[in-house]
1. Report the dimensions of the stretch 33-85 along its three principal axes from the alpha-carbon atoms, largest first, rounded to Å.
2. Translational D (Stokes-Einstein, µm²/s) of the chain at 25 °C and 0.890 mPa s when Rh comes from the Kirkwood sum over C-alpha pairs?
3. Quick check for me: using +1 on Lys/Arg Cβ and -1 on Asp/Glu Cβ, what's the dipole size of the stretch 1-141 about its Cα centre, in debye to the nearest 20?
4. When the C-alpha atoms of the stretch 146-192 are aligned to their principal axes, what extent does each axis show, in angstrom, from largest down?
5. In the calculated pair distance distribution of the stretch 65-138, what percentage of Cα-Cα distances lie above 15 Å?
6. Points 7 angstrom from Cα along the Cβ direction at residue 177 and residue 42: gap in nanometres?
7. Apply 1/(1 + (r/R0)^6) to the Cβ-Cβ distance of residue 56 and residue 125, taking R0 = 41 Å, and write down the FRET efficiency to the nearest 0.05.
8. Please sort by residue number the GluC sites (Glu not before Pro) in the stretch 1-64 whose DSSP state is loop and whose Cβ has at most 15 other Cβ atoms within 10 Å.
Amino acid sequence: LLKQIPNAPIVLFLKGNIAVVRSLSAESRTIAIVGTRHITSYGREITKMFASSLSEAGLIIVSGMAFGVDGVAHQATIEAHGKTIAVLGNGVDLPYPRENQKLYEEILDSGGAIVSEYPPGEPPSVGSFPSRNRIVAGLSDGVLVTEGASDSGSLITANFGLEFGRKVFAVPGPITSSLSAAPLRLIEKGAK
């Protein structure tokens, strides 16, 4: 899948189960689950529900290991005994954010993988996160946004998904929540 995108990384570093990444072909399906770092109880419930159900159905869950939706998606996948791939905006040997060290280890212990286009030891930078989002979308058959504000980075991932010809999905949220803005914007654009 990643070879299909116009700006594919020249190299991809990996830590963990290489078989998970090698299985990304016609016989396995992947979906990116992304969203806000400032997750609400609604967003947490919806993200857990989709990550669990989709991983139990055999999909590999891809996300960015950030706080909020990303972390919840990875954790729910692990708890459902599914496979997950975390894409980092820094070297694969540096769990980021540091507070997600335990999640990083659980991803590896559960047979998942950590990937990045940045070499080991490379710290994150402001520009590395949009680049990471490109890889999240590139590794996935589809992108699901469960919750996000109007300026959410998840919109970057979803837009890469659209650009790469991937399916984009969005979960409508409460109309009173500012964190429903990103999914609603995507639905307006034609997301399922």
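Each value in this text was obtained by applying a stated rule to the coordinates, not by laboratory testing. Keep in mind that what you see is a predicted model, and the values were worked out from it rather than measured. Cβ placement follows ideal geometry from the backbone for every residue including glycine, while neighbour counts extend to all protein chains displayed.
1. Its Cα atoms span 28, 19, 13 Å along the three principal axes.
2. In µm²/s, the coefficient is 154.
3. 240
4. 32, 19, 14
5. 49
6. 0.5
7. 0.70
8. Details: sites: 27, 45, 56; in loops: 27.
Listed in order of number, the matching sites are 27.
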